[in-house]
Amino acid sequence: EYAKREGYGLRLTGFDVARMGNDRCAAVCIQQIGALLWKVCHTEQWEKKLGDYTIGRIQSIASALNSTHNIVDEDGLGGPMLDVINANKKSEFAYKGFRNVGLSYKDNSYFGNPRTAAAFKLKELVEKGHISLTDEVLCQELATLKFKYMTDGRRILVSKEDMRKEGIASPNLADACLYAISLINEVQQQQDKQY
């Protein structure tokens, strides 16, 4: 174990909730191991199950990992599940929702939606050597992500639906990882203020 300053060493967990076809639910936890350094410390998938089972699974994973920040795919089936989790508040852990809404050029002049922004944040972390990715299945899924250019020149990831049409399996772990990555900027801003 490494020595960490108070406020560092956070664990951020993303949850992708399955809703179609052969999708599986997935969880990916990244742990901060320095001011700028992260590592994937946990990956997990389970068969698509509705309602109480998946809600309980999300809460038990967050609790077992002592995950300080949790984010659940709130598009599709994840939205009602997140509502139940936050209504019950049986946990001391925070749960946010990830919505992959279209972003206007004014909102973001580089990327068309939050999923794409998170993918390029991950790409930046990899290029700088600021994240350790050792899970083989996760890495294989991340390698299937492709982007295209929008008419205004911004980048956008190819949708899961379009990937399915090309015969590419749903990137459940990859998406859960991107949700966790999407929390990094917010966490680092809090830490910058703290120190």
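A few comments on the model shown:
- In the stretch 132-195, GluC sites (Glu not before Pro) in a DSSP loop with at most 15 other beta-carbon atoms within 10 Å: Glu166
- Violating pairs (Cα-Cα greater than 19 angstrom) within the set Lys128/Lys148; Lys39/Lys148; Lys121/Lys146; Lys96/Lys128; Lys49/Lys165: Lys128/Lys148; Lys39/Lys148; Lys96/Lys128; Lys49/Lys165
- Residues with amide H under 5 Å from that of Cys41, placed H, sequence gap 5 or more: Cys29, Ile30, Gln31
- Candidates Lys39, Lys49, Lys106, ranked by Gaussian network fluctuation over the chain, Cα under 10 Å, top entry: Lys106
- Cα centroid of the stretch 56-86 to Cα centroid of the stretch 112-133, whole Å: 22
- Inter-label distance, nm, simple model (7 Å from Cα along the C-beta direction), Cys139/Asp75: 2.8
- When the Cα atoms of the stretch 77-195 are aligned to their principal axes, the ranges along those axes come out at 41, 36, 35 Å in descending order.
- Pair-distance distribution P(r) for the stretch 16-56, from all Cα-Cα distances in 10 Å bins starting at 0: 27, 38, 23, 12 percent.
- Label-reachable residues, the stretch 98-130, where backbone N falls under 15 Å from a point 7 Å from Lys148's Cα toward its Cβ: 112-113
- Length-normalised contact order for the chain - Cα pairs under 8 Å, 6+ apart - percent: 26
- Karplus 3J(HN,Hα) series, Hz, for the stretch 99-110 with 6.51 cos²θ - 1.76 cosθ + 1.60 (x for Gly, Pro): 10, 8, 7, x, 9, 6, 4, 5, 5, 7, 7, 10
- Across the stretch 151-166, computed HN-Hα scalar couplings (Karplus, 6.51 cos²θ - 1.76 cosθ + 1.60, θ = phi - 60°) run 4, 8, x, 7, 8, 8, 5, 5, 5, 4, 4, 5, 4, 4, 4, 8 Hz from first to last residue, x flagging Gly and Pro.
- Note on Val101 and Ala35: the extension gain reaches 20.8 nm, defined as 0.36 nm multiplied by sequence separation minus the Cα-Cα distance.
- Arg155 paired with Ser132, simple spin-label distance in nm, labels 7 Å along Cα-to-beta-carbon: 2.6
- Mean residue ellipticity, 222 nm, helices only, the chain: the sum of -39500 (n - 2.57) across DSSP H runs of n ≥ 4, divided by residue count and rounded to 500, is -12000 deg cm²/dmol.
Since every read-out is calculated from the coordinates, none of them should be taken as a lab result. This structure is a prediction, so every number in the text was calculated from the model and none was measured. When we count neighbours, we look across all protein chains shown, and the Cβ atoms used for this are built from the backbone with ideal geometry, even at glycine.
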